[in-house]
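Contents: one structure, followed by commentary.
The values are calculated or read from the model by the stated rules, or taken from the named source; none is laboratory data. These numbers come from a predicted model, not from an experiment. Don't worry about glycine lacking a Cβ; one is built from the backbone with ideal geometry, like all the others, and counts go over all protein chains shown.
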Amino acid sequence: MIARRGVKKGQILETIDPAIVLPSSPLKNTRISFFSVCFCRICGDALECADLPDDGIIQRVQLLPNFCDGKEKLRQGIKAGDWHYCSVVCKQKASDLYSLGGERRAEHDSTKQFLERIVLKQDPDMDDIALFLAAIIYCKLLEGDDSSARYKKFYEGCEKTAACDIHERVMECWVILRSEISASEQHSEDSKLLTSTTFNTIYKCIRRQYLHQIPAMHPLTNYIQNKLLNLPGDALKDSLDYIGVAIPGLDLLEYKDMIANASDTNSVEKISTWRKAVRLVQAVNGNILDDEELTSMFDKKSVASIAKLRRMYFAFCPDIDLQHSCLPDCIVEGDTDKGAAAVKLSLIALHDIKKDEPLTISRIDDLTGDIDERQAQLQRVFGSDFTCNCVRCNCERHWDDRDNFDVRDDSNDDSNDDGLKRLPPAFHWMQLKRIGDLAMQHAKYKVACDFYNLVLKVQPKNGDVLHARCASFLERGYFNKAQEMWREAYKVCPDHDGIALHVKKQDAYGQIVGSASTAELSSCASCAKLQVQSDSFITLIPSKGFVTKPDCPILSSEECAQAIQWAESAAESRAGGWTTSRHYAVPTTDIPIHEVPPLLEWFKGVLESRLRPLLAMQFGEDEVGIGGSGVFIHDAFVVRYDASGGQNHLPLHRDQSTHSFTIALNSLSDYDGGGTYIASIKRAVRPSKGGALSFRGDELLHGGDPVVSGRRYIIVAFCYVCKQERLLEEVPKLKKMKLDGLFHKPDNKNDSKTGGSFSFGFQF
């Protein structure tokens with residue numbers, strides 16, 4: 001299959017209707033949900049179960065704030081293990097699936113045995129589904145029903161599949177199915193349809209080429225993600241109570257402290273409700289199962305219930321016939337908002353694709369492993385004799401000889417396929433860049449840098465590659481080296497947006513390698529008004545988190561007011577006002593400090609005279625340098641949280657920095673809620689006006705607690721402490737990233753990368 005037209009990264013190449021779609025729910029006994037909501041066994045839509053008809057067909061209802069009236073009836077009326085359908089159509093679909101094509105077959109003991117052994121599993125995988133679909137198609141071929149012509153045509157295509165061994169499990173299923181149809185009942189004239197080889201061929205073809213696993217949006221997931229946080233206060237509380245997950249709100253100590261200091265007790269309850277709501281939204285977005293610290297915030301029953309919302313659809317689509325690659329060009333996604341009946345598959349480009357370029361997908365969902373790990377996964381799908389010869393595998397096989405690679409650019413590229421057979425092998429530079437980008441996403445920054453160096457041999461002025469190579473050093477903690485490289489890249493590519501931005505920030509903060517210090521560059525006369533003392537802060541977490549005492553602010557009240565005024569004035573005068581998309585992973589409503597000259601000059605003075613000395617006292621000069629001189633600003637901005645509109649909270653995350661700090665710019669009496677919630681201490685830290693919170697941003701899971709009334713202003717800064725040695729050291733391998741994380745789509749409102757880290761425009 002080739003691209004019919006050129007597309008950009010993230011765009012749809014083609015939309016295809018699948019032949020068969022199975023949600024994972026039909027393959028296991030649908031039990032009563034912990035959320036007190038029953039779901040259709042086929043399409044997964046939510047059902048109102050207060051009045052259950054005798055025929056098991058119930059009307060669909062939308063999940064609304066007042067849907068809790070039937071909760072008690074629901075708990076009394078539904079038994080564990082019951083199966084329910086939202087309509088006659090879904091009930092008939094279930095009958096067709098489980099009878100393997102006819103009601104007559106459901107009466108046979110051997111078919112029941114097949115269902116028990118193969119279908120009714122708690123967590124069906126691709127092998128189970130492929131076997132199930134193969135059984136359906138095989139039975140229809142044997143019985144010669146009205147649709148057999150369609151399936152026979154499919155089988156004719158399957159015959160091209162290379163011969164392979166028959167697994168014991170496949171043979172067992174064939175024996176069970178074949179035993180029900182005697183030769184006299186056999187309508188087909190093709191005797192070879194009776195053989196185990198035929199059944200095995202159908203199974204292997206489905207598993208290798210035509211079955212796709214796509215994530216499904218559960219109706220309750222859609223409700224929580226898109227409606228929950230838009231509800232008014234009472235409805236929000238009622239809905240949370242109805243859903244019934246044990247969500248962390250305020251712990252006892254924090255609750256007592258808030259009650260003691262609150263002018264309005266209702267505001268404390270509101271803060272707790274909102275915190276629960278945003279945590280639930282974040283958990284349902286998928287992060288709870290990806291982060292141990294996030295998972296620990298919920299009890300086991302809640303984690304298990306939330307995990308059940310991660311349904312998968314299995315789509316059988318003979319129209320998508322693509323070769324496997326460990327460096328795929330596209331990914332299969334599905335629109336599942338309306339249940340299995342409405343699923344459509346889309347081929348999404350993982351990078352820019354030219355017209356008539358051959359397309360590939362991955363037949364394994366974990367691409368983080370090395371060539372041996374991937375080969376083991378592939379042999380499970382394609383057989384023990386399979387060897388992957390994609391460009392990534394060929395590159396890795398010859399990696400020790402990479403200095404001799406024949407790297408080609410557009411002018412001398414002839415046949416990539418021929419080039420891959422050469423010794424030393426030949427690769428197009430774009431292939432190597434794509435492998436480097438994938439290595440960056442898998443946190444293999446040193447490997448990525450090596451790939452970018454190979455590309456730059458033939459593309460020395462490629463701004464994207466130069467920018468990415470700089471980022472690979474920054475991600476390893478070599479701040480000064482990265483800044484020096486950005487400066488050199490700017491000489492070659494001054495018009496590249498990413499490179500120009502970093503050089504602009506270098507100039508703004510005076511952090512140019514070999515330049516004068518920030519103190520010499522700053523002319524702010526008020527820098528020395530306040531001095532920090534060694535007893536002016538409290539240790540929250542030894543060596544990781546600190547907050548200034550209420551009576552020891554680092555900014556005066558006048559300075560705070562001036563900083564807010566500068567930020568608001570800048571927002572009014574600039575196109576678009578406050579920015580909302582600079583940090584695509586966890587976006588904030590902010591104004592970059594380096595873009596507001598008076599704010600920048602004042603902030604540089606504060607950084608030199610107060611913040612750096614404060615960080616030195618807190619973290620120690622061995623870590624941050626004498627007087628904090630080893631701390632460098634990577635990004636700083638004024639953030640606004642507003643309960644009346646716009647952003648009112650920030651999900652839990654870790655920063656892409658070594659050290660971070662926030663400075664409160666307005667009084668606690670100006671707003672309710674807010675503060676930086678730190679997961680390890682299970683509470684929000686709210687510095688008083690002018691006070692500062694400093695912490696290890698890359699280590700501590702934290703977020704902006706919901707502001708439930710008023711408006712909160714803070715200064716946030718991401719800092720790096722530069723490594724001076726061991727430039728070739730690789731960072732520890734991070735948690736494995738699945739295939740659906742290969743590219744980012746910032747325009748997708750449901751694509752939340754919360755629980756990850758801030759990113760400064762390095763989108764690989």
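List the number of the failed condition for R686; all other conditions in (1) out of contact with any helix residue (DSSP H, G or I) (no Cβ under 8 Å at 6 or more places or on another chain); (2) without any contact (Cβ under 8 Å) to a residue 40 or more places away in the chain hold. Failed condition: (1). Counting only residues that are in a loop (DSSP other than H, G, I, E, B), buried (at least 17 other Cβ atoms within 10 Å of the Cβ) and out of contact with any Phe, Trp or Tyr (no Cβ under 9 Å at 6 or more places or on another chain), the range 348-384 holds 5 of them. Here I714 passes the criteria (1) in a strand (DSSP E or B); (2) surrounded by fewer than 23 Cβ atoms within 10 Å (Cβ to Cβ) except the one numbered (2).
Every test in (1) in contact with a strand residue (DSSP E or B) (Cβ under 7 Å, 6 or more places away or on another chain); (2) not in a helix (DSSP H, G or I) is passed by A443 save one, and that test is (1).
With respect to E572, determine if the residue is out of contact with any Phe, Trp or Tyr (no Cβ under 9 Å at 6 or more places or on another chain) and either buried (at least 17 other Cβ atoms within 10 Å of the Cβ) or in a helix (DSSP H, G or I) (or both). The answer is yes for E572. Apart from one condition, K433 fits all of (1) within 26 Å of the chain's Cα centre (by Cα); (2) closer than 28 Å to V624 by Cβ; the exception is (2).
For (1) under 26 Å from Q209 (Cβ atoms); (2) at pLDDT 85 or above; (3) assigned to a loop (DSSP other than H, G, I, E, B), each residue gets a yes or a no:
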residue	(1), (2), (3)
S346	yes, yes, no
C393	yes, yes, no
E396	yes, yes, no
D401	no, yes, no
S411	no, no, yes
D414	no, no, yes
G419	no, no, no
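Filtered by the rule that a residue be hydrophobic (A, V, I, L, M, F, W, C) and closer than 16 Å to Y720 by Cβ, the range 605-622 gives L607, L611, L615, A616, F619. Just for strands (runs of 3 or more DSSP E) wholly inside the range 612-707: which have at least 3 residues that are more than 22 Å from S272 (Cα to Cα)? Because the criterion is at least 3 residues that are more than 22 Å from S272 (Cα to Cα), the strands (runs of 3 or more DSSP E) in the range 612-707 that meet it are 631-642, 659-664, 692-695. Could you list all residues from the range 474-500 that are in contact (Cβ under 8 Å) with a residue 60 or more places away in the chain and within 26 Å of the chain's Cα centre (by Cα)? Selection gives L474, E475, R476, G477, G498. Could you run through the range 293-306 and say how many residues are surrounded by 13 or more Cβ atoms within 10 Å (Cβ to Cβ) and in a helix (DSSP H, G or I)? Residues that pass the stated criteria total 7. Listed conditions (1) at pLDDT below 90; (2) under 22 Å from F479 (Cα atoms); (3) of a type in the set (S, T, Y) are all met by S543, apart from (1). The test for being modelled with pLDDT of 95 or more, of a type outside the set (S, T, N, Q) and out of contact with any Cys (no Cβ under 7 Å at 6 or more places or on another chain) holds for V638. For P219, the conditions (1) crowded, with 17+ Cβ neighbours inside 10 Å; (2) modelled with pLDDT of 70 or more; (3) under 30 Å from I306 (Cβ atoms) are fulfilled apart from (2). When you look at L236, is it at pLDDT 75 or above and closer than 30 Å to V343 by Cβ, yes or no? Answer is no for this residue. All conditions in (1) touching a Leu at 6+ places or on another chain (Cβ under 7 Å); (2) at pLDDT 70 or above hold for G157, with the sole exception of (1). Exactly one residue out of Y490, Y452 is touching a Ser or Thr at 6+ places or on another chain (Cβ under 8 Å) and at pLDDT 95 or above: that is Y452. Within the range 250-272, residues that are not assigned by TED's automatic domain parsing to the domain that holds D672 reach partners that are in a helix (DSSP H, G or I) and modelled with pLDDT under 75 with beta carbons closer than 8 Å, at six or more positions or on different chains, in the pairs I259/T265.
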